[in-house]
Amino acid sequence: MLPVHLQDLIEAHDQPFVVIAADYRVVAATQRYGRSSGISSEDLINRRCHEISHRSDRPCHENGEECPHLALYQKGLATMVLH
């Protein structure tokens with residue numbers, strides 16, 4: 001059996017796609033997401049989602065915005081975000 005890598009799995013997705021850990025850090029991003037954000041997918045890894053999407057050093061909810069990441073990790077609510 002061949003090993004399955006997260007990056008290979010998400011690249012099969014037809015839309016820009018990113019995987020974010022509980023600490024807000026990007027653990028994987030498709031090349032499509034990299035192109036849409038203007039940052040290579042390799043350079044997105046280990047950056048925090050709010051740094052990329054909002055150019056902020058603080059998470060969305062700390063800036064008074066709705067935070068889909070918080071909804072997932074605190075309430076278990078799956079969320080799709082379109083930027």
What's the number of the only condition in (1) at pLDDT 90 or above; (2) at negative phi; (3) not acidic (Asp, Glu) that Tyr24 fails to meet?
(2)
Those residues that are at pLDDT 80 or above and surrounded by 10 or more Cβ atoms within 10 Å (Cβ to Cβ), I need them from region 67-83; list them, please.
Cys67, Pro68, His69, Leu70, Ala71, Leu72, Tyr73, Gln74
Taking region 25-57 and keeping only residues that are open to solvent by less than 60 Å² (accessible area, probe 1.4 Å), within 21 Å of Asp14 (Cα to Cα) and outside any helix (DSSP H, G or I), one is left with Val26, Ala28, Ala29, Thr30, Ile39, Ser40, Ile45
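The values are calculated or read from the model by the stated rules, or taken from the named source; none is laboratory data. Because the structure is predicted, anything quoted here is derived from the model rather than measured. In this analysis, Cβ positions are derived from the backbone assuming ideal geometry, glycine residues included, and neighbour counts consider all displayed protein chains. We work out accessible area using only protein heavy atoms, side chains counted, and drop any ligands, DNA or RNA first. Shrake-Rupley method; radii C 1.70, N 1.55, O 1.52, S 1.80 Å.
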